[in-house]
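Below is one structure, written out as structure tokens; comments come after it.
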Amino acid sequence: MNKVALITGATAGFGKAIAEVFAKNNYNLIITGRRAERLSEIKLDLESKHSIDILTLSFDVRNLEEVKRSLEGLTDEWKNIDVLINNAGLASGLSHIQDGDIEDWDKMIDTNVKGLLYVSKAIIPLMVQRKKGQIINIGSTAGKEVYENGNVYCASKHAVDAITKGMRIDLLGTGIKVTQIAPGAAETEFSIVRFHGDEAKAKAAYNGYEPMTANDIAEQVYYVTTLPPNLCINDMVITSLSQANSFYIDRKS
């Protein structure tokens, strides 16, 4: 019987790549996101390639009622979730704090922090009941250091770091593993969203060095689920060779 992984923010970037890797490794998937059409396309593609089943749930992690309605209504066949991957997240805007846009701030805090909490609150009791499971929170190197213009985004990812540590403490003895994956720069839709659709600015963010890909991260997300039952990777920080941390990047041009 296939294991089950729930992946939030699965319509693009890390989430889509994670879905592809877990499907390749015979997981049944619950994939969520705001773009229902993309979820349907991914479902058709992966089910045609692999002997798996996929449930699509279109909702916004920022909306508590949508999260409750979608996840509390899971049928018995989908409640046995082995891996929860809290991937939904974004950066919106890049400016000094005095010039920041409050709508950007709300979007980042509501998605990166509250959305992760809402989904986790719905799924953790199911894992506790079964006395097993793994929660993987996608953080960032921005949750390790703060950089200029990163202020609220960095704060939201520092919160993910702290919440992950808190989860691990509170869930001791339940049989549930808690892992944070903290990627550095990876070329996905991330910068396009950060720069509000300005593709030229987004592309320039990766000039002069080779960033990671979504698949690079997806492979490591899967890897941390393959350890023996008595081992847990608590925190994995991953960058390309050109990047030392959230600030220092060796750009050749």
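Couple of notes before you dig in:
- Members of segment 207-231 that are touching a helix residue (DSSP H, G or I) at 6+ places or on another chain (Cβ under 9 Å) and either among the hydroxyl-bearing types (Ser, Thr, Tyr) or touching a residue at least 60 places away in the same chain (Cβ under 8 Å) (or both): THR213, ALA214, ASN215, ILE217, ALA218, GLU219, VAL221, TYR222, THR225
- Against the numbered list (1) in contact with a Lys or Arg (Cβ under 9 Å, 6 or more places away or on another chain); (2) touching a residue at least 60 places away in the same chain (Cβ under 8 Å); (3) within 22 Å of GLY15 (Cα to Cα), ILE138 comes up short only at (1).
- Among (1) in contact with a helix residue (DSSP H, G or I) (Cβ under 7 Å, 6 or more places away or on another chain); (2) within 19 Å of THR225 (Cβ to Cβ), the one test that ASN28 misses: (1)
- Hey, ASN215 surrounded by fewer than 20 Cβ atoms within 10 Å (Cβ to Cβ) and touching a Gly at 6+ places or on another chain (Cβ under 9 Å) or not: no
- Taking residues in segment 15-39 that are under 19 Å from ASN215 (Cα atoms), and partners anywhere that are among the aromatic types (Phe, Trp, Tyr) and surrounded by 24 or more Cβ atoms within 10 Å (Cβ to Cβ), the pairs with Cβ atoms closer than 7 Å and at least 6 places apart or on different chains are LEU29/PHE22.
- Restricting ILE176, ILE192 to residues that are farther than 21 Å from GLU145 by Cα, β-branched (Val, Ile, Thr) and without any contact (Cβ under 8 Å) to a residue 40 or more places away in the chain narrows the list to ILE192.
- Scanning segment 21-29 for any residue that is touching a strand residue (DSSP E or B) at 6+ places or on another chain (Cβ under 6 Å), hydroxyl-bearing (Ser, Thr, Tyr) and under 22 Å from TYR118 (Cα atoms) turns up nothing.
- Within segment 174-253, helices (runs of 4 or more DSSP H) holding 1 or more residues that are among the β-branched types (Val, Ile, Thr) and under 30 Å from ASP82 (Cα atoms): 214-223
- Among all residues of segment 188-195, there is at least one that is of a type in the set (S, T, N, Q), at pLDDT below 95, under 22 Å from LEU6 (Cβ atoms) and buried (at least 17 other Cβ atoms within 10 Å of the Cβ).
The values are calculated or read from the model by the stated rules, or taken from the named source; none is laboratory data. Quantities reported herein were computed from a predicted structural model and do not represent experimental measurements. Every residue, glycine among them, receives a Cβ derived from its backbone with ideal geometry; neighbour counts consider all protein chains shown.
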